[in-house]
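Peer 1: Handing you a structure now.
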Amino acid sequence: MPMASAIVLAAYLLGSIPFSFLVARAFGVRDVRRVGSGNVGATNVMRSAGKLAGALALLLDVGKGAAATFAALRLAPADPVVGALAALAAIAGHMFPVWLRFRGGKGVATGFGAFLPLAPRAAALAAIVFALTVAASRYVSVGSIAAALALIALAFAFGAPGPVAAAAALTAALIVFRHRSNLQRLRQGTERRLGQPRETV
């Protein structure tokens, strides 16, 4: 139990590293929370600091999620509960980072990374759902929600362990909750499409 608690705590701390905030600052944006959507995530970094910064933030956010669950699987290989809890902790760390007074991102990239070691086929296909949905709609938010919901079905379809499938469902619920303002803008017709100039919104 102490080992499991330590793994989960370490996963939260790893997930809470605000790479998007740090990358944006390195590219000249002092506080990404005060520009664009105000979200501490790769999409807002891309819009405010450029495509290179956005890509770097994306890779780092995916990487910290993957590192958290990969470490959990190595340290507790016989217990899928620990891996599932580590995934949730890393995602919660990204969404509610202690370093930024618990104001973080929406957990999509970190969630993708966290489930790669736990349910690789489900995570990979969810990423494809994201890409296809964004390509069709030009809404990153719609793609994020579609991918999160797809992850639940895919985790069950591919026979992921019960704790991992349950973690996928809880992750999807958190991601949808974090996108509630996007859903409101979608209903109002004011949500920005990918590549849409800010002035048109």
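The values are calculated or read from the model by the stated rules, or taken from the named source; none is laboratory data. Computed from a predicted structure; not experimentally measured. Quick reminder, even Gly has a Cβ in these numbers, built from the backbone with ideal geometry, and neighbours come from all protein chains shown.
Peer 1: Considering only helices (runs of 4 or more DSSP H) fully contained in the range 134-193, which possess at least 2 residues that are within 24 Å of ALA72 (Cα to Cα), modelled with pLDDT of 95 or more and not aliphatic (A, V, I, L, M)?
Peer 2: Correct list: 162-178.
Peer 1: Which condition breaks for GLY104 when tested against (1) in a helix (DSSP H, G or I); (2) in contact (Cβ under 8 Å) with a residue 24 or more places away in the chain?
Peer 2: Only one criterion in (1) in a helix (DSSP H, G or I); (2) in contact (Cβ under 8 Å) with a residue 24 or more places away in the chain is unmet by GLY104, namely (1).
Peer 1: Are there any pairs, at least 6 apart or on different chains, whose C-beta atoms fall under 8 Å, with the first in the range 124-149 and under 17 Å from GLY195 (Cβ atoms) and touching a residue at least 24 places away in the same chain (Cβ under 8 Å) and the second hydroxyl-bearing (Ser, Thr, Tyr) and buried (at least 22 other Cβ atoms within 10 Å of the Cβ), and if so, which?
Peer 2: Going by the 8 Å Cβ cut-off, the qualifying pairs are VAL140/THR43.
Peer 1: Could I ask something else about it? Restricted to the range 1-55, and to residues that are of a type in the set (Val, Ile, Thr) and within 25 Å of ARG138 (Cα to Cα), which residue is surrounded by the fewest Cβ atoms within 10 Å (Cβ to Cβ)?
Peer 2: VAL35
Peer 1: Mind checking which residues of the range 66-87 are in a helix (DSSP H, G or I) and either surrounded by fewer than 22 Cβ atoms within 10 Å (Cβ to Cβ) or free of Cβ contacts under 8 Å to residues at least 60 places away in the same chain (or both)?
Peer 2: ALA66, ALA67, ALA68, THR69, PHE70, ALA71, LEU73, ARG74, LEU75, PRO80, VAL81
Peer 1: So, THR110, is that one at pLDDT below 95, polar (S, T, N, Q), closer than 24 Å to ALA147 by Cα and assigned to a helix (DSSP H, G or I) or not?
Peer 2: No; evaluated as a whole, the condition is false for this residue.
Peer 1: Among the residues of the range 2-38, count how many are over 16 Å from LEU88 (Cα atoms), modelled with pLDDT of 90 or more and not in a helix (DSSP H, G or I).
Peer 2: Number satisfying all stated conditions: 7.
Peer 1: Continuing with this model, one more query. Across the range 117-144, what is the total count of residues that are aromatic (Phe, Trp, Tyr) and either surrounded by 22 or more Cβ atoms within 10 Å (Cβ to Cβ) or within 14 Å of the chain's Cα centre (by Cα) (or both)?
Peer 2: Summing the residues that are aromatic (Phe, Trp, Tyr) and either surrounded by 22 or more Cβ atoms within 10 Å (Cβ to Cβ) or within 14 Å of the chain's Cα centre (by Cα) (or both) in the range 117-144 gives 1.
Peer 1: Restricting to the range 171-184, what's the tally of residues that are surrounded by fewer than 16 Cβ atoms within 10 Å (Cβ to Cβ) and either touching a helix residue (DSSP H, G or I) at 6+ places or on another chain (Cβ under 6 Å) or of a type in the set (S, T, N, Q) (or both)?
Peer 2: 2
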